[in-house]
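The values are calculated or read from the model by the stated rules, or taken from the named source; none is laboratory data. Just so we're clear, the structure is a prediction, and the values are computed from it rather than from any experiment. Every residue, glycine among them, receives a Cβ derived from its backbone with ideal geometry; neighbour counts consider all protein chains shown.
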Amino acid sequence: MSTATTASVSTHILDTSIGRPAEGVAISLAARGGPGARWEALGGSRTDGDGRCKDLPALPEGTTQVRLDFETEAYFISKKEAEAQQDAPRARDSGVFFPEVAITFAVTPGEHYHVPLLLNPFGYSVYRGS
């Protein structure tokens, strides 16, 4: 819930390599009150079966910048293990190119920010959603 003194944040992840939500990705949330302030770790959550993370912690009053850290390595490793069990063709690269994705953005009190991550093994894109 957002008030006039705080912003709120939500996110979801779509794995564009398979056209499906990315389930089970750990996401951490941090906030700070300006460029020179220290980051305060607020906690985190995991994406559900729909790729959504609906229970991120609330932002403290005075937050002007937010950082979402997506731990993508475990997701890609588990996906590769599942593909290997199904005798799927092996990926050309056995490593994880983006083991994590960190997104930092500015917020304004009273606004809601939905920040989707479009993810694939060799690239990603983010935007401010609705």
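Structure notes:
- Residue count for segment 34-49, restricted to those that are surrounded by fewer than 14 Cβ atoms within 10 Å (Cβ to Cβ) and either assigned to a loop (DSSP other than H, G, I, E, B) or in contact (Cβ under 8 Å) with a residue 24 or more places away in the chain (or both): 7.
- Selection status of T63, in contact with a Cys (Cβ under 6 Å, 6 or more places away or on another chain) and at pLDDT 95 or above: no
- Selection status of A31, out of contact with any strand residue (DSSP E or B) (no Cβ under 7 Å at 6 or more places or on another chain), of a type outside the set (D, E, K, R) and either modelled with pLDDT under 95 or not in a loop (DSSP other than H, G, I, E, B) (or both): no
- Positions within segment 96-126 being outside any strand (DSSP E or B), among the β-branched types (V, I, T) and either touching a Ser or Thr at 6+ places or on another chain (Cβ under 6 Å) or closer than 17 Å to A30 by Cβ (or both), in sequence order: V107, V115
- Among all residues of segment 66-84, there is none that is part of a loop (DSSP other than H, G, I, E, B), modelled with pLDDT of 95 or more and more than 16 Å from A7 (Cα to Cα).
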